[in-house]
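Q: Structure below; questions to follow.
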Amino acid sequence: MIEIDLLPKGREASDETRRGSLRILYLRSLLADPWVATAGLVSLASLSTAAVLFVADAKRAKSLQRELAAAAQDSVIYAALIGQTEALSARRDSIAGRAAVIGEIDARRYDWPRTLDEVAAALPAEAWLTHVEQLPSSGPVRFRVEGKASSNFALTRFWNALESSRSIGDVQLVSTEHVVEGLDEGAAHDVYYFVLEAVQVNPPVGELDMVVLFDAPAGRGR
């Protein structure tokens, strides 16, 4: 069988040349139109700007992630410090409260000795005490004195002396009872049972008698 190529040689090459020429003509036509050229440049600039912004946003996102991790770590450290500070503050308040209680007790450690001394000084020879107790009170310290007196005059002198005391105030007679004792022994005598209530009063500092009870050892200051 004999085959004959009827196509002219170089036909394929000429088609490629024509297509290239058409592309060049198309590009020239586009560039020749100013609107098309402007739109192309704007599109190119937009793509460039978008690429730059994308890269910048990616870098900023990484930076923000690092800052967020650092802030989270700092928050953990600060939370521990805040917890320690609160614990120290609570301990300080507890110590301050205890110190205040101790200071209050220390400031009043002489109240009862002074009160009992005033009661003993006011007690006449015709009266004697049987009971002394502190009463519940939300204000000044209130106390009760129970005893016996040989007469109403002795009770009255005792009452007046307590009211004149520098460390005792608001003296009130709660009750009194007249009884006769010693009938069985044949030596009957009148006795007046009494109950008085009063409050402790802090006298002015200038009226307190400051007495040195113990001398300081030699070589030490007072």
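Each reported figure results from applying straightforward, stated rules to the coordinates on display, with no laboratory input. Quick caveat: nothing in here was measured; it's all calculated off a predicted structure. Every residue, glycine among them, receives a Cβ derived from its backbone with ideal geometry; neighbour counts consider all protein chains shown.
Q: What's the local net charge at Ala161, with K and R +1, D and E -1, over the other residues with C-beta under 13 Å away? Don't skip to the answer; put the middle values down first.
A: Values: positive: Arg157, Arg166; negative: Asp117, Glu118, Glu126, Glu163.
Within the 13 Å Cβ shell, the charges total -2.
Q: Let me ask something additional. What does the charge count around Asp170 come to, taking other residues whose C-beta lies under 11 Å from its C-beta (Lys +1, Arg +1, Asp -1, Glu -1)? Walk me through the numbers on the way to the answer.
A: Numbers: positive: Arg142; negative: Glu163, Glu197.
Summing Lys and Arg as +1 and Asp and Glu as -1 gives -1.
Q: Sticking with this structure for a sec: Over segment 111-207, calculate the relative contact order: mean separation of alpha carbon pairs under 8 Å at least 6 apart, over the residue count, as a percent.
A: Worked out over segment 111-207, it gives 30 percent.
Q: Right, next: Starting from the 7 Å offset along Cα-to-Cβ, what nm value, one decimal, do you get for the label separation of Glu133 and Val195?
A: Those two pseudo-labels are separated by 0.9 nm.
Q: Each residue of segment 76-92 in turn: what ³J(HN,Hα) in whole Hz from Karplus with 6.51, -1.76, 1.60 and θ = phi - 60°, glycine and Pro shown as x?
A: 5, 5, 5, 4, 5, 5, 5, x, 5, 5, 5, 5, 5, 5, 5, 5, 4
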